[in-house]
Amino acid sequence: MKKIFTILCVSLLSVGVFAQAETEAGTFIMQMGGDGISFSSQSVTSADNGSAYGDFDDSYDKINTSTFGINTMTGYFVADGLAIGLRFALSSSTRTIELSSDLIGAIDPDDVASTSMTIAPVLRYYFGESGVWSQVSYGFGSAGDGDSDTEDPSVSELGFGAGYAISLNDYVSLNPFLVYKLNTTTVKDMGMDLNGSDADSVTKSGIFAFGLSLNVHLGR
């Protein structure tokens, strides 16, 4: 995965030069990035699980999950080509389960809602007038399912990214970019150590993604 990320970064660096939007000191930048504002809905209406205890249709009519998300960043160029910013990501999803009408006396369970929020300081550098930029960020946040009886997990992520600013005019640029994130999710007292005492449950993962953002550059 790291080799693929390196190859793609080199590919970005080899692209020709486009006219560049403002990246001078004193310029503000606003980014609606990656998925920007998004909404998705997924419905499961059938499934063959090969189980002797019955298939999907024996228990459910439908399982529906809808998700709303927003991912944005604002920043300020403290020097020519060097911007510091703050990224904000929010995701909210709701799962609805409809039990099979063949189940006598069955009552559909309550909808399950979950949210996650991440705030990440960002440091981004543009390489001259090439349009190529790289950035590093460190984010922290939380996720929850609305259940007060369970501990909500905390989330931290270290991200590395590279992109290319294709200027549409002096103020707006289109940015294809690559991101690799090291994500850590921690839930307090959800495990047990060798002594039988409560211990935190820690899950670490690597996330590789390609995205497209629209950036607005506001000069002085």
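The values are calculated or read from the model by the stated rules, or taken from the named source; none is laboratory data. The model shown is predicted, which means the values in this text are computed figures rather than measured ones. Note: ideal-geometry Cβ built from the backbone for every residue, glycine included; neighbour counts use all protein chains shown. For accessibility, only protein heavy atoms count, side chains too; no ligands or nucleic acids. Shrake-Rupley method; radii C 1.70, N 1.55, O 1.52, S 1.80 Å.
With every protein chain kept in the model, how would you rank V78, V179 by accessible area, 1.4 Å probe, largest at the top?
These residues rank, largest area first, as V78, V179.
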Which ³J(HN,Hα) values in Hz, rounded to whole numbers, follow from the phi angles of region 120-125 under the Karplus curve 6.51 cos²θ - 1.76 cosθ + 1.60, where θ = phi - 60° and Gly and Pro get x? 9, x, 10, 10, 10, 10
Could you tell me the accessible area of D200 in Å² (1.4 Å probe, neighbours in place), rounded to the nearest ten? 80 Å²
Efficiency by 1/(1 + (r/R0)^6): what FRET value for Y76 and V172, r their Cβ-Cβ distance, R0 = 22 Å, to the nearest 0.05? 0.80
